[in-house]
Amino acid sequence: PEEIDLLLNQAQDKFVKQRYGINNIKRESFEQTQKRTEDLKELIENVRLTQIQPATIQNYSNNSFFCQLPTNHWFTIEESAILNCTTCNTTIKLPVYDIGSFEQPPSFITINGIIVEVRPVTHLEINKIINDAFKGPDKTKILRLMYKNYAEVILPDDCTLTYYIIRYIREPNRMDFVNGITCELSEHTHQEILDIAIDIALEGIEAKRQQTFPKILNTDE
């Protein structure tokens, strides 16, 4: 049973990574079609993170902050931020839901700030654009780098970070059929995950066939 769980979890991980990217025969990524949206919808999470400032990390800017990502974070699919600036603030109403339930209408909190775009940048380009009048951080966008399990957000000089809002694909729960933990993905994905697990089993147990893993990449729906 433990070996079966291992194979199924390996297959589930491979399935999620293929469906998020375009490493499949249809070359379709997450949310590009309704099928791809349905494949991974159970793994979507949304959080509002606040700033922390580890003293041992060297920032790229005097006005940048670190937000610790959730431990189950895998792939970011959307991000934005709420800034509190010395000028341009507006009143924002944010919904607050009870944990694990969207059935009841949310309550709301009211804060002062502005909602801005978060623009991912690379470490190769950050020093070239951080002080650029057009590409650098301003009151319409901020910059974001990744550092270990942190998101480093770089703000304009007269603003502070209220919330860094991230919607992401989380790591799927581990299947454990001995303890009754089954696949949490949509039911239509189960046969596809099982087919991947069978191919992995054949590769690792029956024979070292060189074509097994390319087959997974090239023929999955």
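Are there any pairs with C-beta distances below 6 angstrom linking a residue in the stretch 172-193 that is of a type in the set (Gly, Ala, Ser) to a residue that is open to solvent by 40 Å² or more (accessible area, probe 1.4 Å), with the two at least 6 apart or on different chains, and if so which? Short answer, once both residue conditions are applied: SER186/GLU38.
Looking only at the stretch 142-199, count every residue that is in a loop (DSSP other than H, G, I, E, B), within 21 Å of ASP39 (Cβ to Cβ), among the polar types (S, T, N, Q) and open to solvent by 50 Å² or more (accessible area, probe 1.4 Å) and tell me the total. Within the stretch 142-199, residues that are in a loop (DSSP other than H, G, I, E, B), within 21 Å of ASP39 (Cβ to Cβ), among the polar types (S, T, N, Q) and open to solvent by 50 Å² or more (accessible area, probe 1.4 Å) number 2.
For LEU7, the requirement of being out of contact with any strand residue (DSSP E or B) (no Cβ under 8 Å at 6 or more places or on another chain) and at pLDDT 90 or above is met. Listed by first and then second residue, the pairs linking a residue in the stretch 17-35 that is within 16 Å of SER186 (Cα to Cα) to a residue that is modelled with pLDDT of 65 or more and hydroxyl-bearing (Ser, Thr, Tyr), with Cβ atoms under 6 Å apart and 6 or more places separating them unless they lie on different chains, are PHE30/TYR20; GLU31/THR37. No other residue among ARG48, ARG36 is touching a helix residue (DSSP H, G or I) at 6+ places or on another chain (Cβ under 7 Å) and either part of a loop (DSSP other than H, G, I, E, B) or modelled with pLDDT of 80 or more (or both) apart from ARG36. Within the stretch 76-89, residues that are part of a strand (DSSP E or B) reach partners that are of a type in the set (Asp, Glu) with beta carbons closer than 9 Å, at six or more positions or on different chains, in the pairs ILE77/GLU31; GLU79/GLU117; SER80/GLU117; ALA81/GLU117; CYS85/ASP158.
Within the stretch 55-67, if we keep just the residues that are open to solvent by 90 Å² or more (accessible area, probe 1.4 Å) and farther than 14 Å from ASP157 by Cβ, the residue that is modelled with the lowest pLDDT turns out to be ALA55.
The values are calculated or read from the model by the stated rules, or taken from the named source; none is laboratory data. No experiment lies behind these values; they were computed from the predicted model shown. When we count neighbours, we look across all protein chains shown, and the Cβ atoms used for this are built from the backbone with ideal geometry, even at glycine. What goes into the accessible areas is simple: the full protein's heavy atoms, side chains included, and nothing from ligands, DNA or RNA. Shrake-Rupley method; radii C 1.70, N 1.55, O 1.52, S 1.80 Å.
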